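Reading through the structure tokens given below for one structure.
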Amino acid sequence: MGDQSPSHSDYSSSVESSNYFQQCKYIHEVELVNMKLQMRILETHLETKDRLLRNLEDIIDEQETRIANMEDFIQGRTAAYTPSTVMLHGISALSLDFGSLSEENLRLKEALRAGQRKERINELMEADEDYESDMTSVSGECDSARNGNSDVMSQSAIVASKARAFIDEHQISRLKRCAEELKNEKDELKRLSQDMKDAFTVCMGEVKLLLESKTVDFFKVLMERYKAEMERRKTLHNQLVELNGNIRVFYRIRPLLSIRDQAAIRIDSMDEGVVHLEHSSGRKTSRAADFVIPTKYSQNEIFDKVSPIVTSCIDGYNVCIFAYGHTGSGKTYTMEGPSEDPGINQRAILQLFEASQERGNDIEYTIKLSMIEIYNDKIRDLLSTSSSTSSSLTLRRDDSGHLSIPGLECRQVTSPSDVTNVLKEGSTSRVVAATDANANSSRSHVIVRVNVHAKNNVTGTTTIGRLNLVDLAGSERVSQTNATGQLLKEAQAINKSLSELGNVVFALRQGQKHVPFRNCVLTRLLEDSLHGDSKTLVLVHISPEETHVCESISSINFAEKIGQVQMKGPAAFKRAESVRKSTGVGRKDASPQTTPKKTNKLN
Ligand SMILES: Nc1ncnc2c1ncn2[C@@H]1O[C@H](COP(=O)(O)OP(=O)(O)OP(=O)(O)O)[C@@H](O)[C@H]1O
């Protein structure tokens, strides 16, 4: 019978098999752990890449939003400047540039995604290859361990730690590579963004240049229009004044100063240009003017009638307003007026102030005042501060052909109080002499001269307008004043100058070639202001009292002489009819001066 018990060699081979099995099992466990570890590392790596990808996507989205904003901004600009074809071209070129930049961004994004996908696959494949080679080397180690019959456990542990270190090293180097590539991509994106910024700056520069050139053109057009409008406004205002007549004559009938006086003059109830006079003998006369200012009119209402021609001065026209009439008829009251209810002088200058302030944004106005007195045909400066106030000034024609008065004081006024003070100062210097006709009769002509310099800051043009406000000396007849000596000389000088003024205005109104400006100082001094397209208003003052009828008729004769215009058509007929009906006499009975004057109203 054979020995059934296991021999020593059997036993040792079974132990060996069991050890080998243990080794294999252990190696598999190690492999399993390694695989799990590797999987974990790969997952982490993928998560990191995903996160980076998301960040990149965010950056790209942000860039796209900025591009969209830029496009909106440019479209907004485009809408504001639609009329410009060139602008549209520039902006559409810009939009195209931005569109191509967006497309470039999208392409980059896609390329990045594809690259990342490819890289991930490569990495997985590399990981597989590495794993296989690792496994081969581990198996080799196991084989040598089995052959060498050494300490399997410690060998396996060494192999496992080696394998782990090997895998870690590879993973780290791969991650480093990825990080490096991501960094490069980030740098590339940064560069792209910088390029885009530069392109945007260049485009914006071009847009700005285009806008500037368009704005300059637009501004030029506006300037041209503005100039044309200014000229049109001036022309229209001038036409309005011319339509009413460049030389106009108004009557102002002073109210009765005493209730005991009888009014011998009345205004026609149907025609505001006709007055009726009744002589003490009972004879009736009717006379016509451009307008008869109703007696009840306030100083303000009278100025309203006068103000349109005052405004012409602001536009560079010369304007003359004369107060004519016999002594005591109210000339000084109309021009100067009492301090509590000032007359035309102060109101006119204040209106020039107001008008200059209204237009002050574009035009710089300088208003200067001088006050001249003509007494016995001599010029005196009423604003002179020199001690020798009695010395007279002379008229000179300068190189440019304009008449000037060398040494004449010219005050710039910048406020209403300046105006009041200068006018007050001048009027106190006026020569006043007592006559039989009026205890305070002014025996001289007083001219308040206002020069308006207008400098247009927009067009660069300068205009100079001159307003002459003339309070003439009383026009009483020499025979009535009982004047002798100095007073007779004064009266003769006054009458001569008034008569010459009448001749000048008459010649101008008739359009005569020769105008006798040089016959007296008054007309010589006003020559520049009466010539050409200047405007003249003569306010003929009439006293209503029966005792002054002769003086009133004399003033009316003067008015009719200077206001005479040959008029044709229905207006002339209408006025003649009105005069005839009211006097109750036929045309033959009416004096030659009753020939109607032009009937246009000032306002
Ligand atoms: N519209 C008026 N309302 C009330 N009073 C008036 C009016 N016009 C004149 N007067 C008065 O009549 C008087 C004479 O007026 P004023 O001195 O103005 O006359 P004048 O024509 O200037 O005289 P002269 O030629 O002598 O200077 C003054 O007392 C003045 O106050």
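What follows is calculated from the coordinates using simple rules that are stated; it is not laboratory data. All values derive from a computational prediction rather than experimental measurement. Counting neighbours? That spans all protein chains shown, and the Cβs are built from the backbone with ideal geometry, glycine included.
Taking each of LYS49/LYS176; LYS49/LYS186; LYS424/LYS489 in turn, the alpha-carbon distance tops 18 angstrom for LYS424/LYS489.
Most tightly packed first, judged by the mean number of other beta-carbon atoms within 10 Å of their residues, the peptides 532-542, 461-471, 214-224 read 532-542, 461-471, 214-224.
The aspartates and glutamates within cross-link reach of LYS378, meaning a Cα-to-Cα straight distance under 14 Å and a gap of 8 or more places when in the same chain, are GLU490. Listed by Cβ neighbour count within 10 Å, with the fewest neighbours leading, SER475, SER307, SER173 appear as SER173, SER307, SER475.
Please give the net charge around ARG266, taking every other residue with its beta carbon less than 13 angstrom from that of ARG266, where Lys and Arg add +1 and Asp and Glu add -1.
Values: positive: LYS284, ARG287, LYS296; negative: ASP268, ASP271, GLU272, GLU278, GLU545, GLU546.
My count for the surroundings of ARG266 gives -3.
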